[in-house]
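The next block holds one structure in the form of structure tokens; read it before the comments.
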Ligand SMILES: Nc1ncnc2c1ncn2[C@@H]1O[C@H](COP(=O)(O)OP(=O)(O)O)[C@@H](O)[C@H]1O
Ligand SMILES: [Mg+2]
């Protein structure tokens, strides 16, 4: 082992399928992770995220497909020869060993000398802000500290690829928010190619260079956080990331019509049979006076909810669809909002008029 940082490696997944009986845990998955990238697999429980991570780590052999780290085909390589560090949701630490014993374990497996181990363990612990904690017992640590120890163990041998499976899900929200930022900084410092798994869309948006949305063993969309949120490929992705209301869109020649109005949009509608207009609550506004070039829907307020930093208003369009509107509350703006029963005009700008394919194809 050298002391210089190794170069990060790109990961190439091609046509990987893994079945358990009749269940397709992975269904013909292809994916390119760029060298040094922080890529997140985001999807509901049972969608195949862990299975894909296990294939990358070498603990699961797929039925078919290929996997390259850089130019090396690794699909037949056992885990310990793959140069991959991994952390799990439940930490998987050895409770009877000290912090240093746990962190040094991968080095021991790789035959490092005592002196080298001591030096690298302390360096890894400093990286996760646990410098000097080596002699402590695992059971003396808090949940957040245990997660940091697990992280130190996964980076101590300076792997070129780091895999993390829901590493923060056991922590409370405040700690999780802080650890998300810390993990991101650590990634910037170390620069290793990282594949991160979560079912939490906000965590994915916060941390990732790109996100692969997974459902039923397939990748539904691979894009940057902003692209995913602003232009989801289909209804599943639009529904899974952020809140939205969907209005059916019909096409008459060049015109796209939703709830009786012809839509003005700066975006291209997808070429699909079934289309929907995606309305994000914070992009819809209650309009007064001049509505400019907005698309405007007549509606009747059904609910108005105070939520501290923002309000949530529900209103029914003339076609019966209920639309959610979210807005910031400042000073006494909440007092001036329309009450249930009031007629309102709901507007969206042409740039926020996003038409998506309805369905999860
Ligand atoms: N060892 C296994 N034996 C049988 N079925 C499995 C096994 N591992 C995963 N599965 C099934 O494969 C699918 C994907 O699981 P998993 O990759 O764990 O999803 P996720 O991590 O997204 O929650 C699920 O339907 C799950 O029940
Ligand atoms: Mg999982």
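The values are calculated or read from the model by the stated rules, or taken from the named source; none is laboratory data. Not measured: the values here are computed from a predicted model. Using ideal geometry, Cβ is built from the backbone for each residue, glycine included, and neighbour counts are taken over all protein chains shown.
In the stretch 280-313, which residues are surrounded by 15 or more Cβ atoms within 10 Å (Cβ to Cβ) and in a loop (DSSP other than H, G, I, E, B)? Selection gives 280, 284, 294.
Of everything listed in (1) surrounded by 15 or more Cβ atoms within 10 Å (Cβ to Cβ); (2) closer than 24 Å to residue 238 by Cα; (3) at pLDDT below 95, the single unmet condition for residue 319 is (1). Put simply, of 158, 166 the only residue that is in contact (Cβ under 8 Å) with a residue 24 or more places away in the chain, in the same structural domain as residue 184 (by TED's automatic domain parsing) and within 16 Å of ligand 1 (Cβ to nearest atom) is 166.
Residues in the stretch 35-52 that are within 6 Å of ligand 1 (Cβ to nearest atom) and either under 13 Å from residue 228 (Cβ atoms) or outside the structural domain of residue 183 (by TED's automatic domain parsing) (or both): 43 alone.
A quick yes/no check of all residues on (1) assigned to a strand (DSSP E or B); (2) within 12 Å of ligand 2 (Cβ to nearest atom); (3) at negative phi:
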| site | (1), (2), (3) |
| --- | --- |
| 25 | yes, yes, yes |
| 32 | yes, no, yes |
| 35 | no, no, yes |
| 50 | no, yes, yes |
| 61 | no, no, yes |
| 66 | yes, no, yes |
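The set of residues in the stretch 116-140 that are closer than 23 Å to residue 187 by Cβ and part of a helix (DSSP H, G or I) comprises 119, 120, 121, 122, 123, 124, 125, 126, 127.
Is it true that some residue in the stretch 19-26 is surrounded by 16 or more Cβ atoms within 10 Å (Cβ to Cβ), over 25 Å from residue 153 (Cβ atoms) and more than 10 Å from ligand 1 (Cβ to nearest atom)? The answer is no; no qualifying residue exists. Considering only residues that are assigned to a loop (DSSP other than H, G, I, E, B) and in contact (Cβ under 8 Å) with a residue 40 or more places away in the chain, which ones fall in the stretch 314-349? Matches in the stretch 314-349: 318, 319, 321, 337, 338, 341, 342, 349.
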